[in-house]
Structures are given as C-alpha cells and as structure tokens.
1. Starting from the amide H of Val56, placed 1.01 Å from N in the peptide plane, find each other amide H under 5 Å away whose residue is 5 or more places distant or on another chain.
2. Over the range 62-220, consider all pairs of different Cα atoms and compute the Kirkwood hydrodynamic radius from their mean reciprocal separation; express it in Å, one decimal.
3. How many angstrom separate the Cα center of the range 354-369 from the Cα center of the range 7-48?
4. Return the equivalent ellipsoid semi-axes of the chain as a descending list in whole Å, where each equals the square root of 5 times an eigenvalue of the C-alpha gyration tensor.
5. Could you tell me whether the range 238-284 comes out rounded, prolate or oblate from its Cα gyration tensor? Rule is a ≥ b ≥ c as square roots of the eigenvalues, rounded for a/c under 1.5, then prolate if a/b exceeds b/c, otherwise oblate.
6. How would you order 251-261, 236-246 from highest to lowest mean count of nearby Cβ atoms within 10 Å?
7. Can you work out the Karplus-derived ³J(HN,Hα) for every residue in the range 130-143? Use 6.51 cos²θ - 1.76 cosθ + 1.60 with θ = phi - 60°, whole Hz, and x for glycine or proline.
8. Any aspartates and glutamates with Cα under 16 Å of the Lys11 Cα? List them, leaving off those in the same chain fewer than 8 positions away.
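Bear in mind these aren't lab numbers, they're just calculated from the coordinates by the rules spelled out. None of these values were measured; they are calculated from a predicted model. Every residue, glycine as well, gets a Cβ built from its backbone with ideal geometry; the counts of neighbours run over all protein chains shown.
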Amino acid sequence: MGKWTQTVTAKVLGIGVLALVMTIPLMQVRALVGERQQLRAGAIAQIAQGWGGRQVLGGPVLVVPTIRPAAVIGSQSLPHAGSESVLADTLKTDVTMAVQTRRYGIYDAPVFVATVKLDARFQPRDLAQFRQASTAQWQGGKAELRLPIGDLRGLQEVGELRVNGKPMRFDSSAARFGPWSTVAVPIDLDALAGQPIDVEIGLRLAGTGSLQLLPLARSTDVGMRAPWRDPGFVGAALPQRQRIDAQGFSAHWHLLDLNRSYGQHWTDGGGMDQALAASVFGVQLYQPVDVYQRNVRAGKYGLLFIAMTFVAFFLFEVLKRLRVHPVQYLLVGAALATFYVVLLALSEQIGFGPAYALAAAAVVLIVGGYAAAVLRARRAGAMLGGVLALVYAMLYGLIAAEQYALLIGALVLLATVALMMYLTRRIDWYAYAPVAAAASPGPPAAIMERS
C-alpha cells in the first residue's frame, strides 16, 4: 500500500482531490458575488425611492359606478354598489425619454424622464352597448376617467388634460387599477348625451430601469424613442418597427384587443390583476457591462481552469522529472481562487475588462514567479506563467462570447484533452512518482527540486 501511494496514478488521484477541495473557496466567491448583487439591488431601490421605480403606464379608463339589486332579506332588497370599467376605442401614445445615470455609492442605475402624449377616444356606441348589456344600473353622472401609473412618485408634471377640448385636472385617488395606482378626473356621462369622449393628456413621468405600457384600447399605437443604445424590448409584445444606432433607439408598437386575454368591458372585482399584468409591454434600459453577470460566468469555469492549471503543473512534474509537493498545488490553487475575489473587487471600481487584465496579470506573475523561485529555473517559471496566461485568455474569450460560449468551451475542452493524451501517451502509470536524485544546494524552504 505504501508503494502504491508513490505511483503516478496515486499522484493524479491526489491532484484530483485537491482540485475538488478548491471548489470550497470558489463557492464562497460565488456567494460573495450574490451578496454584492443584493447590495446593488438595494442601491437601485434607494435611487428609485427618490426618483421613481420601474414604471408602468396605461391609457385612460372609464370607470362607471353601478348599483345592482341584492338578495331579498325579509321584505327588503338591499342594493349592492360596484363599478364597471370600459376601455377606449383608440389609444395613441407618444413617448420621448431623456436618460441619465444616477449613482448611489459605487453603484449606478439608468434613470429617465419620459415626456408622454396620450390621445384616446371612447365611442358612444360602445358605451350604449355595454350599458344595455350590464345587469346593473349605471350611475353615469358619477363616472371617472382613471389613468393607471406604476409609481406615482415619478409623476413630475401633468402639462395637459383635456376632455372633449375642455381643460380639466387630475385628482389623487385611492382607487387601484389592477396592481397599479391611479389618478382620476370626474366625468358626467349623462351630460354628454351620446357624444364621443376625446381625451388628451400630456405628462412627464420619471422612472428607473424600465418603462412599460398597457394596451388599454381596441387599437393601441405606441411610439417610443430614447438616446439609449442598448434597449431590451420586453413584455407581451415586441415592436413592429425598431431602429437602434449610436444615437439611441426608436420603436413602434401596434396592438389590437384581439392580442390580449381580456375584452373592452368588465365588472370590477372579477380578478383582472393577472390578465392585466400579463399584457404589459415596453422597454428595459439594459446595461450590457453588468460586472456581476460576468463575474458569475467567470466563476462557473473556475473549477475547470484550476484543474487545467494543475494538469499543467503535473505535466511539468512528469515530463521534466520535477517533484511538486501537494502543498505547492494548494498554494497555486489558492492564488487561482484569489483571482476571482480580486476580479470582483476591481470590476466594481474600474469595469470588468481592465479589472480582468489586472487580476489575471497579478496571478500569472505570482504563480510564474513562485514556480521560478522554488525550481531555481526561470525558463520553467516563464513557461508555466505563459500557460496560465493562455488559460486566462481562453476564459475571457468564453465570457465575452455570450452566444457561442458553449461551442468555444467544448472545443477548448476537446483540444485540452487531446493535448493531454498526446503528451502523456508514453507515461507508465504504474511507475513510481519521480524522486529527486540528490538535494541540490539552496534554501531549505524550497520544496521543488530537480531530479
């Protein structure tokens, strides 16, 4: 048993165990990345608290209070008060966003101020049809036009509100439209005497990260533009037309009532929240240089590249007849794991690309210099440092190639295995591990020796 532990096979198994041990610090680094992501999310929440959060904006909705008869109790029939919502026939929305970046500590987030123009029309034939079909009595003199807004803290100004050409003013409201807050303006349906309702609204809305809209009309048209070069179109509908260039983006959506899962009219309190939330669409101000996403991706390849570095050391040990102690493998593994901590810390300050270059250069110099010192052979240290630099270059290529990372990674792994098979084709795995023929003069702390 004692002799078997000195074989090359036993050494390989020991190196494999050491590589698995290195997953412990890698897991700690991954937890640290998650913690920093939570801190960033908290910082963005602080920015949104004073500016406005992720915004959702709807069109004007006509809400009519109703009274319906209830069950007869004794000799009395107690009426039940409710409300019904009616959507517009057409809704045109024009949005121009001004975007900037706000910082909170070391973290930043894109914020915007959107200048919005809304034009909606309610057809009298729709109102008459829905009123006739309702099983409740409409209280048309007490109707309201409600405008859903995701975060009222971001409503900076209502520059214009006209109903059939008459200037009016929004009031704050405790009523909700689905999961969103609203502002409201009273309207007397009975006084309109069958006229259409034309609503014009101009406002400024601030928010953080994203602006989404609701298709609250039979026909909804939305035009949006912003000086942001990396938009992410999200939600239930993609734009029919879009343009993205160095100056920013512009997009246009056109949706019909047939494209959503709810109709033009419903009785409130019927559980519409989920259907309404599923119909939102719009844009997210995507940040393509998210350092935490790239740190997470780098960490996923951590064990693979620590194993590749250990393999390089093992090949030096076997092919050059050098003796490498397990403690030295652990020290090299510790340096490789420290790379991810340094990368995370630097990338928060100077960006991912420069941070990666500095962290990789530091680890290559440390490991290469360490090998050269204990081997007392600069060439061996330089070769090991060069191999490690190549490994980090491949890792960066995998991180940068988002769509082709799996393909590149598979090819690199296949080439690495093929190279290992070629270099170790003449190794006798039953032979004893290389032992130094004689201790060469040098510092007693040296662990590696030439045989």
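1. Here the answer is Gly150, Asp151, Gln212, since their amide H atoms fall under 5 Å of that of Val56.
2. Radius from the Kirkwood sum: 17.7 Å.
3. 18
4. Taking √(5λ) for each eigenvalue gives 69, 22, 18 Å, largest first.
5. prolate
6. 251-261, 236-246
7. Values, residue by residue: 5, 5, 6, 7, 6, 8, 10, 8, 6, 9, x, x, 10, 6 Hz.
8. Glu317, Asp428
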